[in-house]
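This report concerns only the one structure given below.
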Amino acid sequence: KDKEEDESKEDDSCSQQNRASRRKNYQRKNSDGKKAGGEGSQGGERGKKAPSKDQKESENKEKKTNKKGKEGENKQKKDRKNSTSSASSKSSDEESLSEEELAMLMEQVEQKKKLISTMRNKPWRMVKKLSVLREAQAFVEKFEGALGKGKGKKLYAYKMMMAKKWVKFKRDFDNFKTQCIPWEMKIKEVESHFGSSVASYFIFLRWMYGVNLVLFGLIFGLVIIPEVLMGMPYGSMPRKTVPRAEQATAMDFSVLWDFEGYIKYSALFYGYYNNQRTIGWLKYRLPMAYFMVGISVFGYSLMVVIRSMARNANESTADGDDDNFIFSWKMFTSWDYLIGNPETADNKFASITTSFKESIVDEQESNKDENIHLRRFLRVLANVLIICCLCGSGYLIYFVVKRSQTFSKMQNVGWYERNEVEIVMSLLGMFCPPLFETIAALENYHPRIGLKWQLGRIFALFLGNLYTFLLALMDDVNEKLAEEDIVKNITHWTLLGHHNSSAGNGSTATPPPLDPADVPRGPCWETTVGI
């Protein structure tokens, strides 16, 4: 700016000097003309008129040239001033953008971003929210890239584009993960129409399914596959071979349905494995793997249960006190305005309706006035009836297991006698929970408390049935162990007789090995318990 001002001042001083010199020349010419007129005053009128015309013409020419020069100088001055003013305005605009307006733009963009992020919490109407949101988004898209210059501007625009794409990718990936959760939409639909207590049962089943998949992966990957790939093959030893007497029916469906035949002498049961310390070229320690997998199964199950209990406890205590103004909260804060799917909107509508019904029932239950002594008596009676049911189911299982042991020693046993234990345990698991629910109606608990009691009683039923079944099998296990000792002696004498018969023929060669299918063997109690 200073240089331009100095140049403009120099131009003005030069133009003033030119004007002064022209005025002096003009004055000299006029004085010379007057002197010549005085000297020639003695001449006639024609002499006076002629020089006067010439002077006038020369003066007019000089005036015209002076005017043209002045106009050119004025144009040059105007152009210079315009150029200097435009350059100064450009430089001032750049400085204002880089300092003041740039800072204001950054503040406004940040404010618009905060407004967009907190738009959901504004107590406005939906029309106003949408209009303000669109304006804020348009402002951010318009001025966000203007915060840089040149390469910096392109880099900033590229960063903002990548940031938006990353946010969109994370949102799409979260939606994809939600879609990958098994039966998520179906469970949400059940929850919206029947309440969270019904949906929690299906969520529990899905959780159990996931836990069982992990446990199956541990056992199948670390025990069964190494034995199949690196262990001794089928038919190499008696415990891995179907006996000769059972081979004719080993592939029948009825036999396989009872886990007999080829399934009994497969890697699915403990009797298939031998007592080698290591197997295969990897020297895989299968006994150690079998032991550690058993510990891992129990450890993983315990860890998952404790983790889920801790998460549920945190979720239940993080909500705070919601007992005040329940219906007002449900009325004004239940709807989710981010729903864009008609099916999800219908499920949400049904869920809100169900929650209102549950709240109304809870309010009615809390306002009831009943005889507290009668309620206590009914609750004690309900617990006594449930304990009787548990004891009766345990005795029934013990009786059926003992009866099945007598059936196993008989021949030509029917289908019901072979599957009596499975049928009785399935019927107990099918009819006892509804019976518990019917008896629990006498207690008149809150629905959530009643659900907890119901789950605890069902757990006690299944656990008691399992331990009763194992205790009933202990006598069978002892009988199997006694049979194993007898069969060992029989096997020893059979092999000894085979060698003696080959030596009695007078042959000195090594006798051929006895076929594993022909070797006498006793029952494996581990396989029996597994079946």
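The values are calculated or read from the model by the stated rules, or taken from the named source; none is laboratory data. What you see is a predicted model, and the numbers here were worked out from it, not measured in a lab. Counting neighbours? That spans all protein chains shown, and the Cβs are built from the backbone with ideal geometry, glycine included. Surface accessibility is based on the protein's heavy atoms, side chains included, excluding ligands, DNA and RNA. Shrake-Rupley method; radii C 1.70, N 1.55, O 1.52, S 1.80 Å.
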Residue-level accessible surface for Asp518, protein heavy atoms, 1.4 Å, Å²: 70 Å²
Contour excess over end-to-end distance, with Cα ends at Ala163 and Trp335 and 0.36 nm allotted per residue: 58.9 nm
Cα gyration tensor, the range 184-225 - rounded (a/c under 1.5), prolate or oblate: prolate
Alpha-carbon radius of gyration plus Dmax, which is the widest Cα pair, for the range 161-275 in Å: 23.7, 76
Pairwise label distance in nanometres, Val214 with Phe356, each label 7 Å out on the Cα-Cβ vector: 4.1 nm
Pair Gln108, Glu479: separation of 7 Å Cα→Cβ label points (nm): 9.3 nm
Extension gain, Leu435 back to Ala517 (0.36 nm per residue minus Cα-Cα distance, nm): 24.5 nm
Probe 1.4 Å, protein heavy atoms only - accessible area per residue of the range 184-225 in square angstrom: 63 Å²
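Could you give the length gained on full extension between Lys186 and Met119, defined as 0.36 nm per residue of separation minus the Cα-Cα distance, in nm? Walk me through the intermediate numbers first.
Details: separation 67, 0.36 × 67 = 24.12 nm, distance 3.13 nm.
That pair, Lys186 and Met119, stretches by 21.0 nm at full extension.
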Unsatisfied cross-links (Cα-Cα over 22 Å) in the set Lys122/Lys330; Lys409/Lys480; Lys122/Lys188; Lys113/Lys188; Lys113/Lys159; Lys114/Lys165: Lys122/Lys188; Lys113/Lys188
Cα-based Rg and Dmax for the range 212-343, where Dmax is the largest Cα-Cα distance (Å): 26.2, 77
